[in-house]
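All remarks here apply to the structure that follows.
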Amino acid sequence: MDKIRILFLSSDPSDAGRLRLGQELREIREKLQLSKQRDTFQLDAREAVRPGDITQAIFDVEPQIVHFSGHGMSTGELCFENITGTVQPVAPSALSSLFKLVSTQVQCVVLNACHSESQAKAIADYIPYVIGMNQPIGDIAAIAFSVGFYKALGANRTFEDGYKFACLEIQLEGIPEHLTPVLYSKELEFSKANNVLSSEIKERFEYTAITIKQDRKLFIELLKRFPPNGRGAIFLKEHDVGNTIHNKDLESIDNFIDSWADIMHEFLNPEIEEKRKNFMSILSDFQSELNVNIWSIAGGHLFSMHLDELAVPKHRLEARDRLNKMGTQAFKFYEDLLRCCRIMLGAVDDE
């Protein structure tokens with residue numbers, strides 16, 4: 001029986017922050033060796049990869065799965081190494097062109113690097129399953145994701161199941177980054193681009209004029225209760241919890257969660273409802289963690305983490321960074337919810 005070949009590519013340029021890529025590779029190898037399907041997989045690794053090494057490695061290994069671990073830039077490039085060992089960025093268009101040429105062979109691409117979502121989107125035009133990260137991801141979360149993904153594949157699960165178990169693995173480690181990985185597939189993007197529901201959703205849901213009207217009414221209420229230009233949304237977009245926080249910003253979020261965390265505010269369309277649940281989940285987590293890390297000042301009108309003290313404990317600085325990341329993630333999920341509503345329900349700006 002032909003093996004499923006996995007090509008593990010890693011780059012850790014000397015002028016970028018150090019990553020624990022060796023540990024990630026060891027964990028992947030160990031989980032595959034311990035799995036029931038251990039004889040099904042062949043893992044080949046290439047380290048300190050330069051851009052020119054990528055095609056040669058693909059020619060040599062002929063993989064069905066390509067896994068990249070390393071750095072990503074906020075502008076969308078992945079960071080490989082040049083001849084001196086420093087950063088050599090590669091644009092999304094270049095990698096998508098490469099995977100277009102090997103689309104009959106490669107079935108899944110995993111980009112375990114910060115800000116790799118734009119690369120994933122581009123590659124998903126040609127490869128059935130592509131995973132990227134929608135923001136920075138920490139070393140521990142990145143390793144946990146790989147562990148969960150390959151444990152699932154080793155148990156004969158699908159790529160989609162592997163992605164879900166990988167996100168769960170991050171949750172089980174107690175790391176609030178389980179919403180950072182994103183999965184793209186050619187079928188899903190085609191469905192969205194043509195403004196139709198997926199076949200799975202069609203089987204369990206019929207979108208009629210009545211249900212559309214009900215969801216549009218709920219969408220209008222959402223825009224009124226938590227408007228894009230309101231205090232709550234602006235706070236999520238522009239926040240820095242290390243600075244002073246006004247109580248009205250907190251009240252806006254608290255009031256919205258209190259009024260929208262019930263069954264009467266669930267959308268009938270399951271695709272929209274999934275995005276609402278994602279937003280409400282991360283927003284509630286953000287609210288809960290923020291509340292235990294701030295204290296009132298100025299008679300209760302303002303709140304602060306008191307990071308201006310002479311000796312701020314390390315755990316408070318870590319809490320600040322974690323909260324800032326959660327707030328950014330919550331705003332992204334809020335935008336995803338609004339975007340999905342507009343696609344499925346149409347614009348309601350004039351209603």
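With respect to being surrounded by 14 or more Cβ atoms within 10 Å (Cβ to Cβ), modelled with pLDDT under 85 and over 20 Å from the mean Cα position of the chain (by Cα), VAL312 fits the description.
Only one entry in LYS100, LYS186 is of a type outside the set (S, T, N, Q) and modelled with pLDDT under 90, namely LYS186.
Residues in the stretch 43-72 that are acidic (Asp, Glu) and touching a helix residue (DSSP H, G or I) at 6+ places or on another chain (Cβ under 8 Å): ASP44, GLU47. Candidates in the stretch 315-349 are the residues that are touching a residue at least 12 places away in the same chain (Cβ under 8 Å) and in a loop (DSSP other than H, G, I, E, B); of these, the one that is nearest to LYS275 (Cα to Cα) is GLY346. Do we find that ILE58 is modelled with pLDDT of 95 or more and of a type in the set (A, V, I, L, M) in this structure? Answer is yes for this residue. Please go through the stretch 24-42 and give me each residue that is within 14 Å of VAL147 (Cβ to Cβ) and either surrounded by 15 or more Cβ atoms within 10 Å (Cβ to Cβ) or touching a helix residue (DSSP H, G or I) at 6+ places or on another chain (Cβ under 6 Å) (or both), ordered by number. Hits for the stretch 24-42 are GLU24, LEU25, GLU27, ILE28, ARG29, LYS31, LEU32, SER35. Being modelled with pLDDT of 85 or more, exposed (fewer than 15 other Cβ atoms within 10 Å of the Cβ) and over 19 Å from GLU221 (Cα atoms) holds for only one residue in ASP240, ASP285, and it is ASP240. The strands (runs of 3 or more DSSP E) found entirely in the stretch 73-163 include none that carry 2 or more residues being surrounded by fewer than 22 Cβ atoms within 10 Å (Cβ to Cβ) and without any contact (Cβ under 8 Å) to a residue 12 or more places away in the chain.
Once the stretch 271-300 is narrowed to residues that are among the polar types (S, T, N, Q) and within 18 Å of the chain's Cα centre (by Cα), the residue that is nearest to ASP258 (Cα to Cα) is SER284.
Yes/no matrix, rows are residues, columns are (1) of a type in the set (D, E, K, R); (2) modelled with pLDDT of 85 or more; (3) within 13 Å of TYR334 (Cβ to Cβ):
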| residue | (1), (2), (3) |
| --- | --- |
| LYS202 | yes, no, no |
| PRO227 | no, yes, yes |
| THR244 | no, yes, no |
| ILE253 | no, yes, yes |
| PHE256 | no, yes, yes |
| ASN269 | no, yes, no |
| GLU274 | yes, yes, no |
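In the stretch 47-70, is there at least one residue being surrounded by fewer than 22 Cβ atoms within 10 Å (Cβ to Cβ), in contact with a Cys (Cβ under 8 Å, 6 or more places away or on another chain) and either outside any loop (DSSP other than H, G, I, E, B) or touching a residue at least 12 places away in the same chain (Cβ under 8 Å) (or both)? Yes: the stretch 47-70 contains one or more residues that are surrounded by fewer than 22 Cβ atoms within 10 Å (Cβ to Cβ), in contact with a Cys (Cβ under 8 Å, 6 or more places away or on another chain) and either outside any loop (DSSP other than H, G, I, E, B) or touching a residue at least 12 places away in the same chain (Cβ under 8 Å) (or both).
The values are calculated or read from the model by the stated rules, or taken from the named source; none is laboratory data. Fair warning: this is a prediction, and the values are worked out from it, not measured in the lab. Neighbour counts run over all protein chains shown; Cβ positions are idealised from the backbone, glycine included.
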